[in-house]
1. Enumerate the amide H contacts of Ile53 below 5 Å, restricted to partners 5 or more residues apart or on another chain; note that Pro and chain-start residues carry no placed amide H.
2. Return a whole-number percent for the relative contact order of the chain, with Cα pairs under 8 Å and 6 or more residues apart as the contact set.
3. So what are the ³J(HN,Hα) numbers for region 46-54, from phi and the Karplus equation (6.51, -1.76, 1.60; θ = phi - 60°), rounded to whole Hz, Gly and Pro as x?
4. Applying a 10 Å radius around every beta-carbon, put 68-78, 3-13 in order of their mean neighbour count, most first.
5. Each label point is 7 Å from the Cα along the Cα-to-Cβ direction; what then is the distance between the points at Thr104 and Ile11, in nm?
6. Quick one: of Lys38/Lys114; Lys5/Lys38; Lys38/Lys113, which pairs are farther than 28 Å apart, Cα to Cα?
7. In terms of the ratio Rg/(2.2 N^0.38 Å) built on C-alpha atoms, what value belongs to the chain?
8. Can you find, among Leu17, Met1, Ala66, the residue farthest towards the positive end of the dipole of the chain? Put +1 on the C-beta of Lys and Arg, -1 on that of Asp and Glu.
Amino acid sequence: MPTYKLTYFNIRGRAELTRLVFVASGTNYEDNRIEREKWPAIKESMPQGQLPILEVDGFVLPQSLAIARFAAKEVGLFGRNNLEQAQADVVVQTCEDLRSNWVTAFREKDETKKVNL
Ligand SMILES: N[C@@H](CCC(=O)N[C@@H](CS)C(=O)NCC(=O)O)C(=O)O
């Protein structure tokens, strides 16, 4: 089994789906949480200047949805045929829609608009 190190900020955000994949499958991984004040010092060393990244035996993968899909494949949660894999993709995409909508609501200052989002 490879070693997995997931690096993200100390929030759920774009890393939570991959964390859930690892935890649900009982897979050992390092949950490396970066505090915001330390981010500027390491940003330039990230492949796309953003988080999350997943290190797999030292190989660095960026992009949260690619990471989540990869992790699910690694641990056997990505389906046994094309239809099951499409269902897994539906879960990935739905989680991303929920995350994105939550961020929009979180940032909305107008309480009336926030309720109706
Ligand atoms: N498409 C990328 C977006 C990554 C992204 O926007 N990461 C944000 C945190 S959610 C980030 O690294 N922000 C800090 C920065 O851009 O300096 C993904 O899904 O991983």
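1. Residues meeting the amide H criterion: Thr7.
2. 26
3. With coefficients 6.51, -1.76 and 1.60, one gets 8, x, 10, x, 9, 10, x, 10, 10 Hz.
4. Highest-to-lowest ranking by the protection proxy: 68-78, 3-13.
5. Result for the modelled spin labels: 1.7 nm.
6. The pairs that break the limit, which is 28 Å between Cα atoms, are Lys38/Lys114; Lys38/Lys113.
7. In units of the globular-protein estimate, the chain measures up at 1.17.
8. Farthest along the dipole direction, towards plus: Leu17.
The values are calculated or read from the model by the stated rules, or taken from the named source; none is laboratory data. What you are looking at is a predicted structure, and each value in this text was computed from that prediction instead of being measured. Positions of Cβ are backbone-derived with ideal geometry, glycine not excepted, and every protein chain shown enters the neighbour counts. Remember, those area values only see protein heavy atoms, side chains included, never the ligands or the DNA or RNA. Shrake-Rupley method; radii C 1.70, N 1.55, O 1.52, S 1.80 Å.
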